[in-house]
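Colleague: First, the structure itself, so that you have it in front of you.
The values are calculated or read from the model by the stated rules, or taken from the named source; none is laboratory data. These numbers come from a predicted model, not from an experiment. When we count neighbours, we look across all protein chains shown, and the Cβ atoms used for this are built from the backbone with ideal geometry, even at glycine. With ligands, DNA and RNA removed, areas are computed over all heavy atoms of the protein, side chains included. Shrake-Rupley method; radii C 1.70, N 1.55, O 1.52, S 1.80 Å.
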Amino acid sequence: MNGSVDEWLLQKGYGQGYVDLKLSHGDIVHDHIHTQYLSLSRDIFECKECGRVLVELSTKNQFTAYTPDSGSYNRVLAGEPPVDAEDL
């Protein structure tokens with residue numbers, strides 16, 4: 001049974017070092033799902049000085065910037081509405 005798991009891991013691109021860890025099936029499934037998640041996720045940052053929002057375009061650390069019309073930091077990523085949200 002373990003041989004088929006090892007073969008599957010190698011086919012999916014995991015290295016021999018990972019196979020040699022002899023992780024539980026649960027840990028392997030977690031790692032595989034997490035790897036898939038990371039390939040789909042992107043980073044996003046907001047500059048506190050100018051309010052620009054930088055959105056990652058790919059997993060290669062490339063970003064595109066969006067500048068707010070107000071030209072100021074609006075805390076759109078702070079988890080709370082901007083102070084002047086009623087003006088938007």
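Colleague: For Leu9, indicate whether it is surrounded by 11 or more Cβ atoms within 10 Å (Cβ to Cβ), of a type in the set (A, V, I, L, M, F, W, C), free of Cβ contacts under 8 Å to residues at least 60 places away in the same chain and within 30 Å of Gly71 (Cα to Cα). Walk me through it before giving the result.
Modeller: Details: surrounded by 11 or more Cβ atoms within 10 Å (Cβ to Cβ): yes; of a type in the set (A, V, I, L, M, F, W, C): yes; free of Cβ contacts under 8 Å to residues at least 60 places away in the same chain: yes; within 30 Å of Gly71 (Cα to Cα): no.
No: the conditions fail for Leu9.
Colleague: So which pairs qualify, if the first residue must be in segment 52-67 and among the acidic types (Asp, Glu), the second must be loosely packed, with under 12 Cβ neighbours inside 10 Å and in a loop (DSSP other than H, G, I, E, B), the Cβ gap must be under 6 Å, and the two must be at least 6 apart or on different chains?
Modeller: Sorted first by the residue in segment 52-67, then by its partner, the pairs are Glu56/Arg42; Glu56/Asp43.
Colleague: Still on this structure, I have one more. Is one or more of the residues making up segment 62-77 open to solvent by less than 70 Å² (accessible area, probe 1.4 Å), modelled with pLDDT of 90 or more and in a loop (DSSP other than H, G, I, E, B)?
Modeller: Yes, the conditions are met somewhere in segment 62-77.
Colleague: Which one is modelled with the highest pLDDT, of the residues in segment 1-41 that are among the polar types (S, T, N, Q) and within 30 Å of Glu56 (Cβ to Cβ)? Outline the logic, then answer.
Modeller: Our first condition is that a residue be among the polar types (S, T, N, Q); within segment 1-41, this holds for 2, 4, 11, 16, 24, 35-36, 39, 41.
Next cut, within 30 Å of Glu56 (Cβ to Cβ) only: 11, 35-36, 39, 41.
Numbers: Gln11: 92, Thr35: 86, Gln36: 87, Ser39: 82, Ser41: 84.
Taking the candidates together, the pick is Gln11.
Colleague: Where residues in segment 15-46 are open to solvent by less than 50 Å² (accessible area, probe 1.4 Å) and outside any helix (DSSP H, G or I), which of them is nearest to Ser4 (Cα to Cα)?
Modeller: The selected residue is Gly15.
Colleague: Which residues, counting only those in segment 47-61, are in a loop (DSSP other than H, G, I, E, B), closer than 30 Å to Tyr14 by Cα and not hydrophobic (A, V, I, L, M, F, W, C)?
Modeller: Keep residues of segment 47-61 that are in a loop (DSSP other than H, G, I, E, B), which gives 47-52, 57-61.
Add one more test, that the residue is closer than 30 Å to Tyr14 by Cα, and what stays is 57-61.
Correct list: Ser58, Thr59, Lys60, Asn61.
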